[in-house]
Amino acid sequence: MDTILESLNPAQREAVVYQEAPLLILAGAGSGKTRVLTRRISHFIKKGVSPSAIIAVTFTNKAAEEMRKRISSLVSKSSEIGLWIGTFHSVCLRILKSEKVVPDFIIYDDVDQTKLIKECIKKLNFSSKQFQPKAVLEKISRAKDKLLDVDEYSEFCGNFYERKVADIYKEYQTRLEEIKAFDFGDLIMNTVKIFNDFPDILDKYHGKFRHIFVDEYQDTNHAQYELIRLLSAGCESISVVGDPDQSIYKWRGADISNIMNFERDFAGAKTIKLEENYRSTQAILSAANSVIKNNANRKEKDLWTRNLKGANPIYYQAYDEIEEAKFISEQIKNLLINNKTYKDIAIFYRVHALSRLLEDNFRRKSIPYKIIGGVRFYDRKEVKDVLGYLRVISNPDDLINIKRIINLPPRGIGDTTLKKLTKHASERKLSIFSLLDKIDGVSDITSRTKSKIKEFVNIIKKYQTFKGSITKMAKELIAEIKYTDYLHSTDPGTAREREENAFGVVSAIAEYEENTQYPLLRDFLDQVALLSNVDNWDSESNAITLMTIHGAKGLEFPICFMAGMEEDIFPHINSSIETSDLEEERRLCYVGMTRAKEKLYLSSALRRRLHGVWRNTITSRFIDEIPDNLLVKTYKRTSLDKPVFSSQNNSTDNSLRYESLEDDTCAYKVGQRIMHPKWGRGTVVSKTGHGEKTKLTVHFWKENIRKTLLVKYANLRNE
């Protein structure tokens, strides 16, 4: 048998060898989508398709690198020469640099974009409180996802806020053009524009790319969809892989209709379902399936596995968020006793704020942990400082980074001087660096300051013409500006770590040069700008991983905890109006559950402190959507004097022996809000007994008391 087809199940094999076009591979969580996609590409190459006629597009550098490695292991190294594999942004960057229709440019990353937006808001005399830079940047990014330029966006602005955002958008684009920079949205938007404006260029790529492969198609936005549509118009085949049940990025522009309408958009399309899961136990999959089937807007499929059934997921209802964090810590301790390691464990939450108590517990117990979505390596100040110098050396028109580094380390060029210089540059229609190079012609700058400016200009010019490797240049630059002395003088306590971070840039450059045939500083800086949090995730460090569920997409862990399973948290309060938003929240829950390979823990609290005030909560509807026979529901009964564990039936997990929350006949659930004729509104805290003997312990809000009531005589009603 062809090695490419070895160890594939029937559906996977069909997806790999299918020759007609177009093809939608509907790949459930853990069903081997990357394996199928890379083997399909390898199969095409072995059947005689030139690698240079193939383009494969995905969403992260990490995924692109994984695809390339797998293809290299299946076909000879020489057979993959010319194959294009990359993210949407890196592919567009390559096209734009190759065609030279737009002037040469640098890429601004998230931090630089936000700084530039701040300057635009300030220049327009808008309130930074009313127009928060990150929120404005998000609006502009979504406009670019929809291929709306400044004028087109302005046409859709109905209210005051949006009209002002349009003004900021216009100023932002003007400033980007002045400094010859593109943001991420510009990369795709300008590529689509070139294809539409220059048919001969599009024809060139039609002739080049005969076979198109797209990973994670459910996450494409309108701009990415248009890019693929234009490229595929002249190709022989298009194959997309994705899963509508894992479309969770609507908030950043992803449009689930792209994958839902694939058969409509591409006539004659075939759909092959990958439903066999190789990651999770059947117990986890059954619970996840029971949640996602409540969505109406999906393509029907049912994940299954040959793995052992495994233990049912465990739902733990804590009295409050403090008890929830303690429960998670206790279970981690039990897992370690049972031969698990810290790196086997991940904790997911819907919002970052839920990590605080978990972190507090872990610090007290000396449990190592790492937070994904915190400060990235390339976002740390010392790293941005070194990169700032490199960016100005590469592009002296980069105003944002000139402002960052001109007085770093301090050389007596303060904010007042910078304002004067910026004003003079604007009046003379010069770039800031051109003005600095002609500083003798500026009258209102002191001689001493002019001397310092000349020193700065000379440093930049020296390294622009540096003879030697980029690695050597970066090392000598750090030494020349005495950056390590600056670190030790400003904060001796953290200086060593920050110094290591600064020289981490040098290490990154060295690695880049080792793996690149013709290394260029600008290319290195472009690669850095396109990195994401997941690209920097280290799966080998022995620490518990904490992250939002959005960040967990594409990852897997033996043990997963999902905290904060409460209405208004998960599903998020912002999703309560639109059905489409609620369905996205449900898909997010499904994604979180299917990250777990062996054990899954879900938890909530009966009360949680929000904005400093204790609030009673309602258990997430997603918990209620899991049938009782697929979930071990547990709680820790808390009395006013001391907490105790009680049990009526043994859990399937040996580390837990708690009491079930449910019986078969009583309609009231723990966490439910009720109304009592005497004590008013309350929340069901616990439940014991069966049938006519069912008793509820209810926490009544107004009196802040608890009462145990026999349901038969309590005269309760739903609140």
Enumeration of residues in the range 431-457 that are under 15 Å from residue 399 (Cα atoms), polar (S, T, N, Q) and assigned to a helix (DSSP H, G or I): 434
Test: residue in the range 671-688 that is farther than 25 Å from residue 593 by Cα, of a type outside the set (Gly, Ala, Ser), modelled with pLDDT under 75 and not in a strand (DSSP E or B): no
Selection status of residue 607, open to solvent by 40 Å² or more (accessible area, probe 1.4 Å) and modelled with pLDDT of 90 or more: no
Any hit, the range 205-216, residues being among the basic types (Lys, Arg), touching a helix residue (DSSP H, G or I) at 6+ places or on another chain (Cβ under 6 Å) and surrounded by fewer than 18 Cβ atoms within 10 Å (Cβ to Cβ): yes
Tabulated pairs, the range 505-530, first free of Cβ contacts under 8 Å to residues at least 60 places away in the same chain, second open to solvent by 40 Å² or more (accessible area, probe 1.4 Å) and not in a helix (DSSP H, G or I), C-beta under 8 angstrom, 6+ apart or interchain: 512/519; 513/469; 513/519; 519/469; 523/516
Odd one out for residue 367 among (1) within 30 Å of residue 570 (Cβ to Cβ); (2) hydrophobic (A, V, I, L, M, F, W, C); (3) within 23 Å of the chain's Cα centre (by Cα): (3)
First in the range 52-64 and charged (D, E, K, R), second anywhere and surrounded by fewer than 19 Cβ atoms within 10 Å (Cβ to Cβ) and assigned to a helix (DSSP H, G or I), Cβ under 9 Å, 6 or more apart: 62/535; 62/536
Residue ID - nearest to residue 405 (Cα to Cα), chosen from residues in the range 474-487 that are surrounded by 15 or more Cβ atoms within 10 Å (Cβ to Cβ) and free of Cβ contacts under 8 Å to residues at least 40 places away in the same chain: 484
Residue list for the range 23-41, filter: out of contact with any Lys or Arg (no Cβ under 6 Å at 6 or more places or on another chain) and open to solvent by 10 Å² or more (accessible area, probe 1.4 Å): 32, 33, 34, 35, 39
Restricting the range 382-419 to residues that are part of a helix (DSSP H, G or I) and of a type in the set (S, T, N, Q), the residue that is most open to solvent (accessible area, probe 1.4 Å): 416
Number of the condition not met by residue 299 [criteria: (1) more than 19 Å from residue 284 (Cβ to Cβ); (2) open to solvent by less than 40 Å² (accessible area, probe 1.4 Å); (3) of a type outside the set (A, V, I, L, M, F, W, C); (4) in a helix (DSSP H, G or I)]: (4)
Residue within the range 618-625 that is open to solvent by less than 10 Å² (accessible area, probe 1.4 Å), among the small types (Gly, Ala, Ser) and modelled with pLDDT of 95 or more present: no
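Can you tell me how many residues within the range 474-493 are under 22 Å from residue 392 (Cα atoms) and part of a helix (DSSP H, G or I)?
12
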Looking only at the range 249-278, and only at residues there that are among the hydrophobic types (A, V, I, L, M, F, W, C) and within 17 Å of residue 591 (Cβ to Cβ), the one that is surrounded by the fewest Cβ atoms within 10 Å (Cβ to Cβ): 251
Within the range 429-453, tally of residues that are touching an Asp or Glu at 6+ places or on another chain (Cβ under 7 Å), crowded, with 18+ Cβ neighbours inside 10 Å and farther than 16 Å from residue 388 by Cα: 1
Scope the range 454-473; condition closer than 14 Å to residue 407 by Cα and either buried (at least 16 other Cβ atoms within 10 Å of the Cβ) or touching a residue at least 24 places away in the same chain (Cβ under 8 Å) (or both); matching residues: 455, 456, 457, 459, 460
Residue 533 being touching a Lys or Arg at 6+ places or on another chain (Cβ under 7 Å) and either open to solvent by less than 20 Å² (accessible area, probe 1.4 Å) or at pLDDT below 95 (or both): yes
Meets criteria (of a type in the set (S, T, N, Q) and at pLDDT 85 or above) for residue 516: yes
The range 60-80, residues that are touching a helix residue (DSSP H, G or I) at 6+ places or on another chain (Cβ under 6 Å) and of a type in the set (A, V, I, L, M, F, W, C): 67, 71, 74, 75
Qualifying residue in the range 81-94 (condition: in a helix (DSSP H, G or I), aliphatic (A, V, I, L, M), more than 27 Å from the chain's Cα centre (by Cα) and at pLDDT below 95): no
Residue in the range 213-222 that is more than 30 Å from residue 273 (Cα to Cα) and of a type in the set (Asp, Glu) present: no
The range 697-706 - residue that is in contact (Cβ under 8 Å) with a residue 12 or more places away in the chain and more than 15 Å from residue 672 (Cα to Cα) and, of those, most open to solvent (accessible area, probe 1.4 Å): 702
Residue in the range 1-18 that is most open to solvent (accessible area, probe 1.4 Å), counting only those that are in contact (Cβ under 8 Å) with a residue 12 or more places away in the chain and of a type in the set (S, T, N, Q): 3
From 139, 146, 193, 180, residue being over 26 Å from residue 249 (Cα atoms) and either among the β-branched types (Val, Ile, Thr) or open to solvent by 60 Å² or more (accessible area, probe 1.4 Å) (or both): 180
Wholly enclosed strands (runs of 3 or more DSSP E) of the range 203-275 bearing at least 2 residues free of Cβ contacts under 8 Å to residues at least 12 places away in the same chain and not charged (D, E, K, R): none
Pick from the range 53-62, criterion of a type outside the set (Val, Ile, Thr) and surrounded by 21 or more Cβ atoms within 10 Å (Cβ to Cβ), ranking: farthest from residue 42 (Cα to Cα): 59
Of the criteria (1) open to solvent by less than 10 Å² (accessible area, probe 1.4 Å); (2) aromatic (Phe, Trp, Tyr); (3) touching a strand residue (DSSP E or B) at 6+ places or on another chain (Cβ under 9 Å), which one residue 342 fails: (1)
Restricting the range 95-121 to residues that are open to solvent by less than 10 Å² (accessible area, probe 1.4 Å) and closer than 24 Å to residue 200 by Cβ, the residue that is modelled with the lowest pLDDT: 105
Any hit, the range 89-106, residues being touching a Gly at 6+ places or on another chain (Cβ under 6 Å) and touching a residue at least 40 places away in the same chain (Cβ under 8 Å): no
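The values are calculated or read from the model by the stated rules, or taken from the named source; none is laboratory data. For clarity, every value in this text was computed on a predicted model and none was experimentally measured. Reconstructed Cβ throughout: ideal geometry from the backbone, glycine too, with neighbour counts over all protein chains shown. Keep in mind that these areas ignore ligands, DNA and RNA; they rest on the heavy atoms of the full protein, side chains included. Shrake-Rupley method; radii C 1.70, N 1.55, O 1.52, S 1.80 Å.
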